[in-house]
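In what follows, a single structure is set out as structure tokens and then discussed.
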Amino acid sequence: MGILSHDDWSLDRRGERAKARHREKVRQAIRENLRDIITDQGVIVSDGKKTIRIPVQSLDEPHFIYDFGRNRHIGQGAGQKGEAIGKAYGDGQPGAAGGEGAGTAPGSRILEVEVTIEEVEAALFAELRLPNLRDKHTPRHWVEQPEFTDVRQRGIRANIDRRLTLKQALLRSRMHGQPLRITEEDLRFKTWEDTPRQNAGAVVIAMMDVSGSMGMTEKYLARSFFHWMERFLEHHYQHVEVRYLVHHVEAYETSKDAFYSTRESGGTLCSSVLRLALEIIRRDYPQDAWNIYPMYVGDGDNLFSDNDLALAKMRELCDLSAMSGYLEVNPYHRVTSLSRVFASLLHPAFRQTSVADRRQILDALKHFFSERPAAAATGDSAAPANGGMAG
Amino acid sequence: MKPGDVARLEQSIEWLERRARELGLDFFDMRYEICPPDVVYTIAGFGMPTRYSHWSFGKHYERQKLEFDLGLSRIYELVVNNDPCYAFLLDTNTVLQNEMIVAHVLAHSDFFKNNARFRHTPRQMVETMAATAERFRRYEERYGMERVEEVLDAALSIQEHIDPSWRSRHTREPSLHAVPSLAALSRGGPLAEKDLLLFVAAYSPVLEDWERDIVATVREEMLYFWPQLETKIMNEGWATYWHTRLMREMDLSEDDAIEFAQLTANVTQPNRFTLNPYNVGYAIWRDIERRSGVEKMFEVRECESDTGFLRNYLNQDIVDECQLYIYDRRGLEWVIVERDYRVIRDLLVQQRTNAGFPTLRVTDADWNRQGGLCLTHAFEGQELDIQSIERTLPRVHRLWGRPVVLRTVLSGREVEFVYDGDKVERRAM
């Protein structure tokens, strides 16, 4: 007869190892799909949740397979000819929404992976920095920084001050005429104190065009950009102030909530918001104490007669700031008056680019918030923000 | 299984094996291993107890383990075509479940040993795969995991494109070192090579020797698995028939009899969207027994594969009993369109041909005079999935290193997909 055995298998880790490798591949896929993730509405509104589910192009080895939706199939069960047995979804796969029954939908391609927001943000923001950030004496911003300042006779073993301990042992043994030995009472420990230290203060002036020419898409793109900008700032920096300005023909400051929900209309006077930004900076943020980042997002439409003034105000902002940015939301790749005007502004602190769709937001963030802007972008606003920007 | 159950299982195994032999089953020596779920799901994920490691096996392992943890698990059997034949039993199963599995895998073992399609499968595959795993591990040390994985990813993507009929057409397995040169090959008339893996391993202009070895090994393993893919309905039906018969002869308590009935009902439960091979296979075998007796059953299990099994033995009675139908897309819904056994039989045979995979042939190894590889789909009415073409061609390119082309038919038009290393282009021909 056959042999029945009951061995000890507890050391078999092959399944777990292969599983770990699969997990790693999934995370890699997430990093590769960041552009899609960042534009996902679900992610944008996910404030407060710790994890999100991200659809990742399935990690299967692709095969040449038949098109399920365009072929006939065999099933089993009751029903007359002509009777419907299920809905056909986009890709033709049958089955009830949400639940994947026992083999009802062969090889569904989307794999949902649960990841933490931190994981996504860490991957997204790895390359982003506030450019030209300098240490400034900002009165409002102090951080607690641990510093070893004192030596005591009690403390944590890990913090033994070896030099002082040896010195103490030498001193004691000499005094008593004994050979050198280190005893318990010779031990000296470093201790620390939290000392407040000044931080490099930074302020972002977020300016958005809310005039009538900004359609649904444009406003969505602009807000997505600012949303991810804020997430990145919170992720990287402890204290960055953000001021929110909106404008049509007039400019005014709003709360954060209002900034993300305001619906306005009317004409466009770009200089109005730039002038307001200058006022705020001069009043609240002295240049020697603050790194200043004015960031203007609009659709490029501006009253023709206002262009010269806008250019002059932007130049003034550049003089005061570590970086001044202009992002044009331009879904139709139009050549706009404002982009042409700003293109003539050859100022080292000035950066400009445009986005046509949501997939380019990450490129735009990289363009503004990196130490050096991508070369191709400056002065060529008509180019969409992919390609050269990413590099 | 509770303590004390092992003794009962041992007794049952002795009885089951003896009774199975009396009834005519002829199986390999059996090795039953009782293991914890982790191990069973590892083996199920890897497909074999000693296979090399790949992330896709880890994915299957994780999915099955998750289903187990959620109580949704459906693995009732895990049996390896090998001499001796290995069967893995979950230590969390009830003793009755394991008895039923033993009865079930005895019939599989008989099928492996006696069905004609399995005649040329190596019976020491467990050892062979252990050696392969060791070799691949050394490649990983030497060339890096990423590179080994890349080649494996690509080879696994086209693993089903082999030619199992090599074994019947040739007495000797073609060796990588004895293939004719490409030039000699093309002098022999128009190229139409079905064994894509062999072709790539032999003629790829870019692969290194160890990479060729990986491709050739994936092919070897697929040749080993192929008969199981070709006889799924027959083999599961055969095992279900015999486990039912053997268990009914066993002296079961009332509780065990109820549990057994429930288990069998689960295994043979029909599905609206696919054919359940346990259910349909079992019904066909019982129909053969009714009409022609048990003798005939043994003859059929020796000679046929799924296509012949369905073509010769599916009839209206079975279609009615199993409530088989064809469904098709009508607008936004799937609709039952056919109940006639002849139409169902013909579609089933078509779907089971080439083990259910599209047939591709290498028709040009110097496409566009760029050394490109051209694959032609033998179109027989079933269209290919476009996204799958676009995602798989780059994998072929990884192995061939020159442009790769797939020709097929979409909406009645001949089209070709070309991947040149950068992007997939689609052209009408």
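The values are calculated or read from the model by the stated rules, or taken from the named source; none is laboratory data. If you're wondering where the values come from, they're calculated on a predicted model, not measured in any experiment. Glycine gets a Cβ as well: all are built from the backbone with ideal geometry, and neighbour counts include every protein chain shown.
For the reader, a short list of remarks on this structure follows.
- Region B:304-329: number of residues that are touching an Asp or Glu at 6+ places or on another chain (Cβ under 7 Å) and at the interface with chain A (Cβ under 10 Å from one of its Cβ atoms): 2
Yes or no, residue by residue, for (1) of a type outside the set (A, V, I, L, M, F, W, C); (2) surrounded by fewer than 19 Cβ atoms within 10 Å (Cβ to Cβ); (3) closer than 19 Å to residue A:361 by Cβ:
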position: A:208; (1), (2), (3): no, no, yes
position: A:224; (1), (2), (3): yes, no, yes
position: A:254; (1), (2), (3): yes, yes, no
position: A:257; (1), (2), (3): yes, yes, no
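- Qualifying residue in region B:330-341 (condition: farther than 23 Å from residue B:164 by Cβ, more than 10 Å from chain A (Cβ to nearest Cβ) and surrounded by fewer than 15 Cβ atoms within 10 Å (Cβ to Cβ)): no
- In the set (1) touching a Phe, Trp or Tyr at 6+ places or on another chain (Cβ under 9 Å); (2) within 30 Å of residue B:338 (Cα to Cα), residue B:247 fails one condition alone, (2).
- Members of region B:35-48 found to be surrounded by 22 or more Cβ atoms within 10 Å (Cβ to Cβ) and not in a helix (DSSP H, G or I), listed by number: B:35, B:48
- Meets criteria (away from chain A (no Cβ under 12 Å), charged (D, E, K, R) and outside any loop (DSSP other than H, G, I, E, B)) for residue B:414: yes
- Residue selected from region B:14-42 under the condition of a type in the set (A, V, I, L, M) and in contact with a strand residue (DSSP E or B) (Cβ under 6 Å, 6 or more places away or on another chain), by the criterion modelled with the highest pLDDT: B:30
- Single unsatisfied condition, residue A:82 versus (1) surrounded by 14 or more Cβ atoms within 10 Å (Cβ to Cβ); (2) out of contact with any Leu (no Cβ under 8 Å at 6 or more places or on another chain); (3) facing chain B (nearest Cβ under 7 Å); (4) at pLDDT 60 or above: (1)
- Restricting attention to region A:167-193 and to residues that are in contact with a Lys or Arg (Cβ under 9 Å, 6 or more places away or on another chain) and of a type in the set (A, V, I, L, M), the residue that is surrounded by the fewest Cβ atoms within 10 Å (Cβ to Cβ) turns out to be A:180.
The rows are residues; the columns are (1) within 23 Å of the chain's Cα centre (by Cα); (2) without any contact (Cβ under 8 Å) to a residue 24 or more places away in the chain.
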residue: B:264; (1), (2): yes, no
residue: B:302; (1), (2): yes, no
residue: B:313; (1), (2): yes, no
residue: B:317; (1), (2): no, no
residue: B:324; (1), (2): yes, no
residue: B:343; (1), (2): no, yes
residue: B:353; (1), (2): yes, no
residue: B:357; (1), (2): yes, no
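- Some residue of region A:317-324 being surrounded by fewer than 21 Cβ atoms within 10 Å (Cβ to Cβ) and more than 26 Å from the chain's Cα centre (by Cα): yes
- Of the helices (runs of 4 or more DSSP H) lying entirely inside region A:248-346, those containing at least 2 residues that are in contact with a strand residue (DSSP E or B) (Cβ under 8 Å, 6 or more places away or on another chain) and in contact (Cβ under 8 Å) with a residue 40 or more places away in the chain span A:270-284, A:307-320, A:337-343.
- Checking each residue in region B:135-194 for being modelled with pLDDT of 95 or more, touching a Phe, Trp or Tyr at 6+ places or on another chain (Cβ under 6 Å) and part of a helix (DSSP H, G or I) picks out B:136, B:139, B:148.
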